[in-house]
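Here the structure is laid out as structure tokens; the discussion comes afterwards.
Throughout, read-outs are computed from the coordinates displayed, never taken from laboratory work. In this text, all values refer to a predicted model and were calculated from it rather than measured experimentally. When we count neighbours, we look across all protein chains shown, and the Cβ atoms used for this are built from the backbone with ideal geometry, even at glycine.
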2 protein chains.
Amino acid sequence: MKQTKDRKAEILQTAALLFKQKGYSAVTMRDLADAVGIKAASLYNHINSKQQILSEIIFAIAEDFTEGIEEIVAQETNAQAKLKAVVAQHITLTADNPYGMAALNNDWMHLEDRLEYYLKLRNQYEKRFREIVLNGQQSGQLKNVSHEILLFSVLSTLRNLYLWIPRKADLQKEKLIDDLSEILLQGVVQ
Amino acid sequence: MKQTKDRKAEILQTAALLFKQKGYSAVTMRDLADAVGIKAASLYNHINSKQQILSEIIFAIAEDFTEGIEEIVAQETNAQAKLKAVVAQHITLTADNPYGMAALNNDWMHLEDRLEYYLKLRNQYEKRFREIVLNGQQSGQLKNVSHEILLFSVLSTLRNLYLWIPRKADLQKEKLIDDLSEILLQGVVQ
DNA sequence: GTCTATAGCCGGATAGAC
DNA sequence: GTCTATCCGGCTATAGAC
């Protein structure tokens, strides 16, 4: 009834929502089919396997992040501006696709054939982020605490945005970028 | 061969490790038995069900957190000291049981009978945390940004410690408490 | 306390009619 | 493009021997 392309997008979107709620392994093809309103066997006219669904959801986002941080690193701005740009990127990509972000964060270990490629992208992302932090410390803009703790702390918050953003119905993106950057960069104490 | 009590502790500990790696649903009783070095059927001499394993892992920690934050709230100290005490509690409990923390964070939705009790404990914890933040804002110690964003940001980092602490073989707990409190409270900019 | 064997159910995926 | 029917393998859990 529906066109293949629309239906496939609907399947991927619904799958991402279910993966967020229960995790990849706990979602069955029958669960997914029910949520879409068709029978499990019919899913296979649009996708080849459950594994392919996970892979498409994850890499659509992972590649955006990798490209985005390369642009930020290339900017001729100071470390503080680069960190704010990273915060903005996380907020923008998470707001666009919060359930996909959940899969990226929580279900990557269930990737099979493309697990190595995922790990490569993630390591590349963290390497670029680390460069920004180390440069900021060398130039005296950022505190000389362990860059590992700094990286862990900021990235933990950014990676968890998917838990928080969908609850804000009327998301004021620019305000969130300003407020969260302020908290992460300047702290919470008056 | 082994005593029931030792074996049960070994099973719970091994299960927590496997749950961290793949999530509750993707870990089979055969996986767990293999990792312990016995056959799947033998697990049932020590535990009643897979569900009971998850429940015991999660509530052992969840109750510690709930009790701990009640003590912190009751302290006669300012908001900054209370927040540092919360950071210290998270670091201590995570260092004691990092894999259990993973289950607490990622697998709680697979609780069946005791899901409501879990949600009650979690809501109580967040309520106490929110009280600390709101009091700190009213007394002028903490910035007047949205307390929701502040809470989300700090709690995201603390809840992700389980990903980071096990990688630090020679964890210097007191130093980590100082450094992470500094970053979360005072920010990263010089 | 551990084993082998197996019950009974549910998982992903395919075949073929419409 | 969706359906019914089904394969077959893997799942949790139990029975009963040692």
*Compute the relative contact order of the stretch B:1-146 as a whole-number percentage, counting only Cα pairs closer than 8 Å that sit 6 or more residues apart in sequence.*
30 percent
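How many Cβ atoms of partner chains, on average, are near each residue of A:128-141 if near means within 10 Å of its Cβ?
Working: counts 0, 0, 0, 0, 0, 1, 0, 0, 3, 2, 0, 1, 1, 3.
Shielding by partners across A:128-141 averages 1.
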*How much net charge surrounds A:Ser55 when only other residues with a Cβ under 13 Å from its Cβ are counted (Lys, Arg +1; Asp, Glu -1)?*
-4
*How large is ³J(HN,Hα) for each residue in the stretch B:22-38, as worked out from phi by the Karplus curve 6.51 cos²θ - 1.76 cosθ + 1.60 (θ = phi - 60°), to whole Hz, x for Gly and Pro?*
10, x, 3, 5, 8, 8, 9, 5, 6, 4, 4, 4, 4, 5, 7, x, 10
*Is the shape of the protein assembly as shown rounded, prolate or oblate, going by the alpha carbon gyration tensor and its root eigenvalues a ≥ b ≥ c, with a/c under 1.5 for rounded and a/b larger than b/c for prolate?*
oblate
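As a test of the formula, what do you get for the protein assembly as shown when each DSSP H run with n ≥ 4 contributes -39,500 (n - 2.57) and the sum is divided by the residue count, at 222 nm and rounded to the nearest 500 deg cm²/dmol? Provide the component values of the computation, followed by the final result.
Values: 20 runs with 276 residues, N = 380.
So the calculated ellipticity at 222 nm is -23500 deg cm²/dmol.
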*Any idea which of A:Gln137, A:Thr66, A:Leu93 is furthest toward the positive side of the dipole for the stretch A:51-186, if Lys and Arg beta-carbons carry +1 and Asp and Glu beta-carbons -1?*
A:Gln137
*asked:* Output wanted: per-residue J couplings in Hz (rounded whole) for the stretch A:108-119, from phi through Karplus 6.51 cos²θ - 1.76 cosθ + 1.60, θ = phi - 60°, x for Gly and Pro.
replied: 4, 5, 8, 5, 9, 4, 9, 4, 4, 5, 4, 4
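Where a ≥ b ≥ c are the square roots of the eigenvalues of the C-alpha gyration tensor, would you call the stretch B:106-156 rounded, which needs a/c under 1.5, or, failing that, prolate if a/b is larger than b/c, or oblate?
Numbers: a/c = 5.06, a/b = 2.52, b/c = 2.01.
Here the stretch B:106-156 falls in the prolate category.
What ranking do B:Asp6, B:Asp64 get, fewest neighbouring Cβ atoms within 10 angstrom at the top? Intermediate results must be reported in sequence, preceding the final value.
On the way: B:Asp6 10, B:Asp64 16.
Result, fewest neighbours first: B:Asp6, B:Asp64.
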*Can you flag which of B:Lys120/B:Lys143; B:Lys82/B:Lys168; A:Lys22/A:Lys127; B:Lys2/B:Lys50; A:Lys168/B:Lys127; A:Lys173/B:Lys127 are past 22 Å Cα-Cα?*
B:Lys120/B:Lys143; B:Lys82/B:Lys168; A:Lys22/A:Lys127; A:Lys173/B:Lys127
*With labels modelled as points extended 7 Å from the Cα through the Cβ direction, what inter-label distance (nm, one decimal) is found for B:Arg30 paired with A:Asn135?*
5.1 nm
*Cβ neighbours within 10 Å from other chains - mean over A:22-32*: 3
_Teacher prompt: A:Glu174 distances to equivalent labels in other copies, 7 Å Cα→Cβ, nm_ = 4.9
*Hey, can you grab everything whose amide H is under 5 Å from the amide H of A:Leu142? Only 5+ residues off in sequence or another chain; H modelled, so Pro and N-termini drop out.*
A:Gln137, B:Gln190
*asked:* Label position 7 Å from Cα toward Cβ: report the copy-to-copy distances for B:Met109 in nm, one decimal, ordered from shortest.
replied: 1.6
*asked:* Within 10 Å of each Cβ in A:14-20, how many Cβ atoms from other chains are there, averaged over the peptide?
replied: 0
*Give the cross-link partners of B:Lys39 among the aspartates and glutamates, using a straight C-alpha distance below 18 Å as the criterion and excluding same-chain residues fewer than 8 apart.*
B:Asp6, B:Glu10, B:Asp31
*Please find, in a Gaussian network model of chain A (springs between Cα atoms separated by less than 10 Å), the residue of A:Asn105, A:Asn48, A:Asn123 whose mean-square fluctuation is greatest.*
A:Asn48
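To the nearest 20 debye, what charge dipole does the protein assembly as shown have about its Cα centre, counting +1 at the Cβ of each Lys and Arg and -1 at the Cβ of each Asp and Glu? All intermediate terms of the calculation are to be shown ahead of the outcome.
Values: 46 positive and 48 negative charges, 147 e Å.
About 700 debye.
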*Can you give the charge dipole size of the stretch A:1-129 about its Cα centre, rounded to the nearest 20 debye, using +1 on the beta carbon of Lys and Arg and -1 on the beta carbon of Asp and Glu?*
340 debye
*Using only the Cα atoms of the stretch B:20-97, build the gyration tensor, take square roots of its eigenvalues as a ≥ b ≥ c, and label the shape rounded, prolate or oblate: rounded if a/c is under 1.5, else prolate if a/b is larger than b/c, else oblate.*
prolate
*Would you kindly work out, in nm and rounded to one decimal, the distances from the label point of A:Gln190 to those of the same position in each other copy, ordered shortest first, with label points 7 Å along Cα-to-Cβ?*
2.8
*What does the convex hull of the Cα atoms of the stretch A:51-186 come to per residue, in Å³, rounded to a whole number?*
103 Å³
*asked:* At 7 Å along Cα-to-Cβ for each site, give me the label-to-label distance between A:Glu112 and B:Glu76 in nm.
replied: 6.4 nm
